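Below is one structure, written out as structure tokens; the observations come after it.
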Amino acid sequence: MKLDELEKAISSVILKRGQAYRLDDRIAELEEVEEGDYRAEVEGSELYIVEVRIGAEGEIEFSSCDCPFAMEAICKHQAAVMLEIRDRLPAPASSGKDRSRQPKKSLADRLAALSKEQLVGLLSEYAKEFREVKSRLELFFMNAEGTVDEKQLIKLIRGYVKRYSERDGFVPYRHVPRAVEGARIVLEKARAALDQGNALPSIRISFCALRELTDLIHSCDDSDGIVGGLAEDGLELVGEAVEEIAPSLTASERRDLLRSILRETELPLLSDWLLDLLRISLQLVNDEETRALWEASAGKLEAEYGDSYSASYFAREMAPMKYDLVRRFDGEARGTEFLRANMEVPEIREKAIREAIEGSRYEEALRLAREGEDEDARRGYPGLVHRWRKIRLEIYRLTGERQLQRELTEEFAVSGDYSYYTELRSLYSPEEWPEVHARVLAALKDKGIWSAEAMYARLLVEGKEYDKLLEYVESSPGRIVQYYKELVGPYSEETYRLFEQYIEREAANTSNRKQYKQVCDIVKELLKAGGRETAERIVSGLRRTYANRPAMLEELDKLGL
């Protein structure tokens, strides 16, 4: 299909709707990202992304849209974009030949051809017309001159947010990646400042972005975690900057920086962000005055959480930080007392265990691990139980408790962790191993969890136990695509039969071209397995069964059977 033949190739209904979308300015953005490759945003019930590739002779080599209708045929969004592209390209030559693309200079080449005066005029004109252009230029010069104008940073960030907000100020899910672009630019400048050795300006710039992202996360759908991820990047930058600059600060400068960071904890930040700020600022605590400042802020935050679940989480995360201060300022004895008094906090218990291990006090470490295991089993925290059991295994390795190490390693192995299987094998002699291997296989088969099933199949393949592998695949024919290479040699007929079952089942559940292609992809795997005769029979049956589905027949035709 060529651009000049849209009226022939696209249904008149779709073409009219596409024309209406185009005339209604529904094409929010159209960009030629590379020569012949176009990307557009079209406003429908949602904002849809359309991609079109135009060949040298004006032929449409590829077209896609992420709307549901485009899975079956060309949609109105694609039609609108194709019409717009056709209008932008040069008119056909008078000779009557097809519309063709003319050599196009890159934007950089065109700008390079302008004089200094023309460039200055162009930038000045765009800076007046587009607020974001002005803000980015001011940000460029701000960094070049080593200054930080927070008003300009805020203006840039808010400009993007406002552009992609709805009337009530809320940023919907699909617009979040564009709404945060200003904050992303600002954080890039913060990183550049830090890389140039300007740690304090980097901190100020990062905090400016963090404040705006805090506002945004409360007024957007951040399901993909884009806003939260950027905020975490900003906090990481602050942490790096503080670590870099802290050793060179005077006592007065250290207190001032600590106060400025702690002031940020007064913002309505997420609890994890607040905790990150407290951890970062802990690097600046080196005397009783800075300790008092830090503890006052931490205590105020804990009080604000009250008795909620968040308060419990906050207190658990705070405990290791408090322990660090107690040890540094009050000595080892008080530190030990703090550990004993806060053993219900997993991080504190693990610190106590690690210290016991480092001091070769293995009995104490084992006791603490077992107590944690029993307590968290009663409370119904399987993740923590697993944590203490792994530490127990570490201790058994150190103490050479071979039988206990074997038992615990086997328990981890039959949960589907292959690394423990290899460790388990190293704990037995070649004569002892076959019995253990058989026991592990039996346990994996009956475990009923996906990780154990995957490891079960992996061990069967490694051991070339193809009879058991066939039985495993027969329980779910869809597995044949993954394991046919191992099975087709010893069990070719069974392999082709499983392919047939799987293809027929999948075909029965299809309703669009994408699914038809997926069915044909399975047929291609059958052909790779050497089952051409079976594939031909299957395709012949599919043609009869789905004779009223043109799209299915088209995909089957592509197989060449």
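With 0.36 nm allotted per residue and the present C-alpha distance subtracted, the Glu363-Ser415 stretch has 16.0 nm of extension available. Could you point to the residue in Val461, Val176, Pro434 farthest towards the positive end of the chain's charge dipole, with +1 and -1 charges on the Cβ of Lys/Arg and Asp/Glu respectively? Sorting the options by dipole projection puts first Val176.
Assigning unit charges at the beta carbon (Lys, Arg +1; Asp, Glu -1) and nothing else, what dipole magnitude in debye, to the nearest 20, does segment 43-89 show about its Cα centre?
Values: 4 positive and 10 negative charges, 20 e Å.
In total the dipole reaches around 100 debye.
Most tightly packed first, judged by the mean number of other beta-carbon atoms within 10 Å of their residues, the peptides 162-173, 522-533, 211-222 read 211-222, 522-533, 162-173.
Most tightly packed first, judged by the mean number of other beta-carbon atoms within 10 Å of their residues, the peptides 228-237, 453-462, 18-27 read 228-237, 453-462, 18-27. Counting every alpha-carbon pair across segment 279-409, the share separated by more than 17 Å comes to 65%. Centre-to-centre separation between the Cα atoms of segment 432-503 and those of segment 147-212: 53 Å.
With a Cα cut-off of under 30 Å and a minimum spacing of 8 residues unless on different chains, the lysine pairs in segment 431-547 number 20. Computed with every protein chain present, the accessible area of Lys16 is close to 150 Å² [probe 1.4 Å]. Counting only DSSP beta bridges with both residues in the chain, the antiparallel share comes to about 95 percent. Annotation for segment 223-267: trypsin sites (Lys or Arg not before Pro) lying in DSSP loop with at most 14 further Cβ atoms inside 10 Å of their Cβ do not exist. Kindly provide the Kirkwood hydrodynamic radius of segment 481-555 in Å, to one decimal, from all pairs of distinct alpha carbon atoms. Taking every pair of different Cα atoms in segment 481-555, averaging 1/r and inverting gives 12.5 Å.
FRET efficiency for the Glu243 to Arg163 pair, using the beta carbon distance and R₀ = 41 Å, is estimated at 0.70.
Could you tell me how many cubic angstrom of Cα convex hull volume segment 416-496 has per residue? Each step should come with its number before you reach the end.
Numbers: hull volume 7.5 nm³, N = 81.
Convex hull volume per residue, Cα atoms: 93 Å³.
For segment 168-238, the equivalent ellipsoid derived from the Cα gyration tensor has semi-axes of 24, 10, 9 Å, listed largest first.
Rg and Dmax of segment 213-323, both derived from C-alpha coordinates alone, stand at 14.6, 43 Å.
So what is the 222 nm mean residue ellipticity for the chain from helices alone, if each DSSP H run of at least 4 adds -39500 (n - 2.57) and you divide by all residues, rounding to the nearest 500 deg cm²/dmol? Can you show the working numbers first?
On the way: 29 runs with 378 residues, N = 561.
Here the helix-only value at 222 nm equals -21500 deg cm²/dmol.
For the chain, the square roots of the Cα gyration tensor eigenvalues, ordered a ≥ b ≥ c, give a/c of at least 1.5 with a/b no greater than b/c, which places it in the oblate category. In this structure Trp433 has an accessible area near 20 Å², from a 1.4 Å probe over the protein heavy atoms.
The values are calculated or read from the model by the stated rules, or taken from the named source; none is laboratory data. All of these numbers come straight from a predicted model, not from anything done at the bench. Counting neighbours? That spans all protein chains shown, and the Cβs are built from the backbone with ideal geometry, glycine included. Areas reflect the complete protein model, heavy atoms only, side chains present, ligands, DNA and RNA absent. Shrake-Rupley method; radii C 1.70, N 1.55, O 1.52, S 1.80 Å.
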